[in-house]
Amino acid sequence: MNKGTFLVFIVFVCIFLTVAVSFQFFKGKEKDDFAVQDNILIFDEVSGSNTSFFDVYQLNESFGQTAHGLASADFNDDGLLDFVVSYATSPFTHSTISLFYNLGALTFEQVDLFSFNYTHINDLDAGDFTGDGYIDLVFSFNEYRWFDDVSYNMNGTLVLARNNGCNDFLNLSVISQWTSEDYLDLERNINLQMTSADYTHDGLLDLTVGGNSGTVELLVNQGNGSFYNAGVIDDFGWYSWGLTTMDTSDDYRDLIVAAAVNNSTGMHSGFLYHIPSTESLDYFDSSNISIIGNISSGSGTGCLRFVDIDNDGYKELIMGIGSQLLVYKQENDWYSLISRYILPVTKEGFAEDLSRGGMTVGDFNNNGYDDFITGGVQGDIRLFLNNYQEH
């Protein structure tokens, strides 16, 4: 990055800090106390939309557009799983990250953490990235540049929002940035997607990052939330938006990647790839990557998560690609498609799109089974409650 570009980016970070707003932390109120408050939202069941394994609910408020970032954790230590969402106004004026405290009975209290008026947020992750015992946030966005009076998404950027211990995330710092000077370069690394785990076995959460370039890279946590780029794990050539972590029997963390294949027809298919971890300083064995499934629709890549549908310890893969949710089941070393759900269009006739993020997995009703929440380009938040135990 040249000096001028770096100074411009520092200005953008300062904008984040000046427009960020503080919030009042929820604590100790009974559910009935919130009956008339606007920030108390409920997931209502969507009639006739249940899937083979999940009952579908929708939050009784929509959030503009591009609810691409979703993550979950117990932010207030009450034993209930909360979630965070990033989204933008429509038409765009600013992006916001909101925290939803789980009050039980599919009821959540919304608290807006901070907003900024620069651009959309592409992805969001939650975890203790600073090693202080508090849940932090990491989010990605594209820095745009102007060429001939036209703006282009140029530089993919990761930002750490540190939790000060009171669920205040206003301390922002840049983790890493992928820069480009060529606005015609179709492989510039924008629309960054990520997943996190302790890949290096040092007790700190690391990050793996994919994007438009097709590369998957490892960012190693050095402590206190600073990271260094350990390099490209592999280059899949086109759109590596799907990333998730697989726990192995030897306590290592393998990667599963959903990446598209570029071809001359302009139609993208893709594959599910398994990247095994290794004890070497490279951390991943790129020489031993295997194809474990086919992606035959949409962009050839999409949001990817593991979910244990039947609570048997063997996890299924769920993928958001366009307006579809695809469930893959492992059979030996191959993942086969077993279920497909089509997300409904909005009342205005607009289709949903989960290809570039918008999914988090967890037990949101404390019944011991994995559920998941989706966002998407239309800003609707849906909860898929696991109904396997009812069959």
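Points worth noting:
- Flag if THR119 is touching an Asp or Glu at 6+ places or on another chain (Cβ under 7 Å) and touching a residue at least 24 places away in the same chain (Cβ under 8 Å): no
- Residue in region 185-212 that is farthest from the chain's Cα centre (by Cα), counting only those that are under 22 Å from VAL261 (Cα atoms) and either open to solvent by 30 Å² or more (accessible area, probe 1.4 Å) or of a type in the set (Lys, Arg) (or both): ASP185
- Of the candidates THR360, THR346, THR374, the single residue that is modelled with pLDDT under 95 and β-branched (Val, Ile, Thr) is THR346.
Conditions (1) under 19 Å from ASN332 (Cα atoms); (2) open to solvent by 30 Å² or more (accessible area, probe 1.4 Å); (3) in a strand (DSSP E or B); (4) not β-branched (Val, Ile, Thr), marked per residue:
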{"residue": "ALA230", "(1), (2), (3), (4)": "no, yes, yes, yes"}
{"residue": "THR245", "(1), (2), (3), (4)": "yes, no, yes, no"}
{"residue": "LEU272", "(1), (2), (3), (4)": "yes, no, yes, yes"}
{"residue": "ASP282", "(1), (2), (3), (4)": "no, yes, no, yes"}
{"residue": "SER287", "(1), (2), (3), (4)": "no, yes, no, yes"}
{"residue": "GLY298", "(1), (2), (3), (4)": "no, yes, no, yes"}
{"residue": "TYR314", "(1), (2), (3), (4)": "yes, yes, no, yes"}
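- Considering region 106-125, and only residues there that are open to solvent by 10 Å² or more (accessible area, probe 1.4 Å) and of a type in the set (Ser, Thr, Tyr), the residue that is farthest from VAL361 (Cα to Cα) turns out to be TYR118.
- The criterion of at least 1 residues that are within 17 Å of LEU124 (Cβ to Cβ) is met, among strands (runs of 3 or more DSSP E) falling completely within region 328-376, by 359-362, 371-374.
- Residue within region 45-53 that is among the aliphatic types (A, V, I, L, M), open to solvent by less than 60 Å² (accessible area, probe 1.4 Å) and assigned to a loop (DSSP other than H, G, I, E, B) present: yes
- Count - residues of region 162-179 that are in a strand (DSSP E or B) and either closer than 21 Å to GLY214 by Cβ or open to solvent by less than 30 Å² (accessible area, probe 1.4 Å) (or both): 5
- Screening the candidates ASP182, ASP234 for the property of being assigned to a loop (DSSP other than H, G, I, E, B) and either of a type in the set (Asp, Glu) or open to solvent by 30 Å² or more (accessible area, probe 1.4 Å) (or both) yields one hit, ASP182.
The values are calculated or read from the model by the stated rules, or taken from the named source; none is laboratory data. Values in this document were obtained by computation on a predicted structure and should not be read as measured data. Please note: Cβ atoms are built from the backbone with ideal geometry, for glycine as well, and neighbour counts cover all protein chains shown. SASA here: full protein model, heavy atoms, side chains in, ligands and nucleic acids out. Shrake-Rupley method; radii C 1.70, N 1.55, O 1.52, S 1.80 Å.
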